[in-house]
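K.L.:
Structure in structure tokens, see below.
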Amino acid sequence: MTKGVKLLIGIVVLIFSAAVVFAVIGLKKSESTWVEIVQNNKVIYKLDLSEEKDRTFRIEYPDGGWNDVQIRDGHICISDADCPDHTCIKTGELRSENIPIVCLPHKLVIRFSDEGAGK
């Protein structure tokens, strides 16, 4: 093997290793049970999923549109929405601190947060 081929193999292995490390860190399940529901950069709900009863509630966007948020068995997700692409629904349950549930058309974000008083 030439020096160039060895160098190329080393770079590929390094990139692959870095990708694996970032994937493991990015998909790490959160230990927090507190979530924030944020719309237009304002926290509209702060919930402790370990204390919440199973329920579904609707969040309406002031300019029109809505998202149905479902809490079940200590997990939260968007179960229905009237946005065109439904990316927020396809995201599924909130699992990782690094990957929130986002609905861009309705400027809605559901993310894990530090403990705090519920709203």
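All of the numbers you see were taken from the coordinates with simple rules; none came from a lab. What you are looking at is a predicted structure, and each value in this text was computed from that prediction instead of being measured. FYI the Cβ positions are ideal-geometry reconstructions off the backbone, even for glycines, and counts take in every protein chain you see.
K.L.:
What is the order of Cys77, Cys88, fewest Cβ neighbours within 10 Å to most? Numbers along the way, then the final one.
P.N.:
Working: Cys77 19, Cys88 25.
Neighbour counts put them in this order, fewest first: Cys77, Cys88.
K.L.:
Relative contact order for the range 40-86 using alpha-carbon pairs under 8 Å, separation at least 6, rounded to a whole percent?
P.N.:
Working: 61 pairs, mean separation 13.9, N = 47.
Over the range 40-86, the number comes to 30 percent.
K.L.:
Quick one: length gained pulling Asp48 to Ser32 fully straight, 0.36 nm per residue minus the C-alpha distance? Spell out each step's value before the answer.
P.N.:
Numbers: separation 16, 0.36 × 16 = 5.76 nm, distance 0.87 nm.
Length difference between fully extended and current span is 4.9 nm.
K.L.:
If you rank Thr33, Thr91 by fewest surrounding Cβ atoms within 10 Å, what's the result?
P.N.:
Values: Thr33 14, Thr91 17.
Exposure proxy ranking, most exposed first: Thr33, Thr91.
K.L.:
For the chain, can you list the cysteines whose C-beta has no other cysteine C-beta under 4.7 Å from it?
P.N.:
Unpaired cysteines in the chain: Cys77, Cys83.
K.L.:
Continuing with the same structure: How long is the gain from Asp114 to Phe22 if the chain were fully straight, where each residue apart is worth 0.36 nm and the alpha carbon distance is subtracted? Before the final figure, lay out the partial values.
P.N.:
Details: separation 92, 0.36 × 92 = 33.12 nm, distance 2.25 nm.
Between Asp114 and Phe22, full extension yields 30.9 nm more.
K.L.:
Find, among the GluC sites (Glu not before Pro) in the range 1-107, those assigned to loop by DSSP (not H, G, I, E, B) with at most 10 other beta-carbon atoms within 10 angstrom. Before the final figure, lay out the partial values.
P.N.:
Details: sites: Glu31, Glu36, Glu51, Glu52, Glu60, Glu93, Glu97; in loops: Glu31, Glu51, Glu52, Glu93, Glu97.
Loop-located and lightly packed - Glu31, Glu51.
K.L.:
Which of (1) 2, 12, 26, 27, 20, 10, 2, 0; (2) 2, 11, 22, 25, 21, 12, 5, 2, 0; (3) 2, 11, 18, 19, 15, 9, 6, 5, 5, 4, 3, 2, 1 is the computed P(r) over Cα pairs in 5 Å bins from 0, in percent for the structure on display?
P.N.:
Answer label, from the structure shown: (3).
K.L.:
Another one. So what are the ³J(HN,Hα) numbers for the range 64-71, from phi and the Karplus equation (6.51, -1.76, 1.60; θ = phi - 60°), rounded to whole Hz, Gly and Pro as x?
P.N.:
So the J values, rounded to whole Hz, are x, x, 7, 9, 9, 9, 10, 10.
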